[in-house]
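What follows is one structure encoded as C-alpha cells, with my remarks underneath.
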Amino acid sequence: MEKSVGEVLTPLTAAKFDNSLVRDLPADPLTDNVPRQVRHAAFTPVMPTPVKAPALLAWSEDVASLLGLSAPTQGDTAILGGNALAEGMAPYAARYGGHQFGNWAGQLGDGRAITLGELITPNRRRFELQLKGAGRTPYSRTADGRAVLRSSVREFLCSEAMHHLGVPTTRALSLVGTGEEVWRDMFYDGNPATEPGAVVCRVAPTFIRFGNFEIFLAHKEPETAKRLADWVITTHYPHLADLQGESRYAAWFEEICHRTAMMVAHWMRVGFVHGVMNTDNMSILGLTIDYGPYGWLEGVDFDWTPNTTDAEGRRYAYGRQPAIAHWNLVRLANALTQVIEDPDALNQGLAAYERTFDTVAKDMLAAKLGLSGLAMPDDAAFVTRMADVLTQVETDFTIFFRELARVSTTADLDANIRNAPVLPALYAELSVAQHEALATWLGEWAARIRVEGRPAAERIAAMNAVNPKYVPRNYLAQQAIDALAAGDDSVLKRLMRMIRLPYDEQPEFEGLYARRPEWARHKAGCSALSCSS
Ligand code: AMP
Ligand code: MG
C-alpha cells in the first residue's frame, strides 16, 4: 500500500486543494450546464447535479492512502456522489474535441465528468479528483450527464487492476450508487430500459487529453493552446519547465510520445484492449484513460476488439493499438503546430514513439518468453511461428504465457509431456498435427532457453513477474456487476482483492484463474460490449 509518510490522514471533507488549472487557464464566462459550443476557454465552471440517495458501493483503500484520506464518512459520500463540496474545491468541466474513429468530431468535452479540484496530498503530490456521471455540463450534447452502474464498476475495477499490473493508468477512489435510474439502449436496438446509476471518483495528476489541444487548433485559439501547454509542462512535467523557446515544447512532445509508447507496450504485454482509442481518450500524461468497452484478450487474436460498435472496422483491435497510438500522436503533433513552428521537432517525437515502442515491446515479449532478448537471427521467425501456434486453435493469452514458465526445457520430450502445462489454455481440442506443431514450437522455445543458460528458478520468477496470473476478465467484472445490482458487494470486493497481486500465486483465487466459461462467450458484457455506458 502506498503510504503517506508520517502524516495524519484526513477525511475528504478536510483535504487540502490547490486548483492550479482553474487559476491559470481561461474560464468560460457562462457557468450554466446548458449544451452549447464554448469558445475561448479551457473549461467551464459547473456544479455537479445532486443525486437522490448517494450510497458508497466501493472504496479503494490504496487510492485513499495515496491521497492521505481516512475512512470515508457520510460527508465524504455526499461529496463523492455530487451532493456537496469540500472547502477549497472548484468544480469544472474541461473543453476538448477529438478524432473519433478516424474523423474529426468537433467539440466533445466533459459531458458527464466534473472535476472537483486538485487535491494536495500530505506528501505534496497533486491529484485531480473527477466525478464521472455527475450530471449535465455544457458539453453533454443530447445526453444525460449520467453513468450506469455496470460501466462505473468496470472503470473502478479495471483502473485499479491496471495500476497493480504496472500499467500507467488513471485511478479510482470510490464508486457511489446514485439511487436514481438511468435510461440506456444498451444494445442500440431501439429497446431502452432503466438501469441503476452510479458515480466514480477518478483520480489522476490531470485528465487533460490530446483533444484538449485539438479543439484550440480547430477554432484557431493558439494563445489558449500555448497557455494550456505551459500549464501542463510547469505543473506535470516540471523537469522540462526550465527549457526555453520551442525546445521546451519539443522535449515535452517527445516525452509524451515516449510515455504513450510505454503505455501501449504494457497493454500488449498484459493483453489489454482499450476499445475506443479516440484522441479524446488519450491522456497527455500517457496514462490509460476512459475505460469504456475495453477487454482482455482471451483467445489470442490480433484482430479482436471487445467493442461491438467497432466490430466492422476493427480500428481499435488488439493488434492495431500500436499503430493507432501513433496516428493519435500525429493528431496531437498537428495540434501542437500552434506552439511549435519547426515540424522537424515534432517528427523527432514521432520517431521516438516508434523507437521506444519497437524496443520496449520486443523486450517485453522477450521477458514474457523468459529470454533476455529477441536479437538472434532466427528470432523474428520464431515469434511468427509462435503466433501461428497460438492461433491454430483458440488459446488463452493469459493462461498460455503464465503456464509457459512451467514447460520443461529438457531436450527431446514427447509432445504429451511437453505440451501438458499449457493445455489448460486451449479452448478447443488440438488435432494430432496441431498437437505436434505446439510441441515443436515449445521444443524450439526450450532450446532457446537452454542457449541462455539462466538458472531455472530465476527465469521462472522473472517470467511470473511479467505474465500476470489474475486479470479481471470481462465475465468476472460482469458477475461483480450483477451481484452489486442485487445488493451484494462481496463479488466486487473479492475481485478488488484478487487484482492487488496479479503476479502472485493466490490459492484463495485459484478458481478465478481459468478460461472464460462457454456461457460467457456471447453473453452481453461478458466478452463483447457496446459503447453504451
Ligand atoms: P466517451 O465515448 O465515453 O469517451 O465519450 C465521448 C464524449 O461523449 C465525451 O465528450 C463524453 O463526455 C460524452 N458523453 C458520453 N456519455 C455521456 C452522457 N451520458 N452524458 C453526457 N455526455 C456523455
Ligand atoms: Mg472519453
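The values are calculated or read from the model by the stated rules, or taken from the named source; none is laboratory data. Keep in mind that this is a model prediction, so the values were computed, not measured. Positions of Cβ are backbone-derived with ideal geometry, glycine not excepted, and every protein chain shown enters the neighbour counts. Heads up: the accessible areas ignore ligands, DNA and RNA and are worked out on the full protein's heavy atoms, side chains in. Shrake-Rupley method; radii C 1.70, N 1.55, O 1.52, S 1.80 Å.
Details
- Entries of LYS226/LYS362; LYS493/LYS523; LYS16/LYS132 with Cα pairs more than 27 Å apart: LYS226/LYS362
- Among ALA446, MET498, LEU67 - extreme Cα towards positive end, dipole of the chain, charges at beta-carbon: LEU67
- Each Lys and Arg Cβ is given +1 and each Asp and Glu Cβ -1; about its Cα centre, segment 12-209 then shows a dipole of about 400 debye.
- Charging the Cβ of each Asp and Glu at -1 and of each Lys and Arg at +1, and nothing else, the dipole of segment 212-368 about its Cα centre rounds to 280 debye.
- Extension gain (nm, one decimal) between ALA420 and ARG141, 0.36 nm per residue minus Cα-Cα: 95.0 nm
- Sulfur and carbon atoms: percent of accessible area, segment 474-520 [1.4 Å]: 54 percent
- Whichever lysines have a C-alpha closer than 21 Å to that of LYS368, once near sequence neighbours (fewer than 8 apart) are set aside: LYS469
- Taking a straight Cα-Cα cut-off under 17 Å and skipping sequence neighbours fewer than 8 places away in the same chain, the aspartates and glutamates within cross-link reach of LYS220 are ASP28, GLU341.
- Distant-in-sequence amide H partners of GLY98 (H built 1.01 Å from N, under 5 Å): ALA105, GLY106, LEU108
- Extension gain (nm, one decimal) between THR194 and ASP344, 0.36 nm per residue minus Cα-Cα: 48.8 nm
- Euclidean distance of C-alpha centroids, segment 36-57 and segment 87-121, integer Å: 9 Å
- Amide H contacts of ARG209 (H built 1.01 Å from N, under 5 Å, at least 5 apart or other chain): ILE284
- Against the main long axis of the alpha-carbon atoms of the chain, helix 474-485 sits at an angle near 50°.
- Over segment 81-188, Cα pairs under 8 Å with separation of 6+ residues give a relative contact order of 19 percent.
- Separation in nanometres of the label points that stand 7 Å from Cα toward Cβ, at THR384 and LEU30: 5.8 nm
- Calculated accessible area for segment 445-493 comes out at 39 Å² per residue, all protein chains present (probe 1.4 Å; ligands, DNA, RNA ignored).
- Total charge dipole magnitude, segment 23-116, about the Cα centre, Cβ charges on Lys, Arg, Asp, Glu only, Debye to nearest 20: 400 debye
- When the Cα positions of SER283, ALA265, ILE208 are compared along the charge dipole of segment 204-290, ALA265 comes out farthest toward the positive end, with charges on each C-beta of Lys, Arg, Asp and Glu.
- Helix 432-452 and the long axis of the chain differ in direction by around 80°, with both axes built from C-alpha atoms.
- Accessible-area ranking of TRP104, TRP519, TRP445, largest first, probe 1.4 Å: TRP519, TRP104, TRP445
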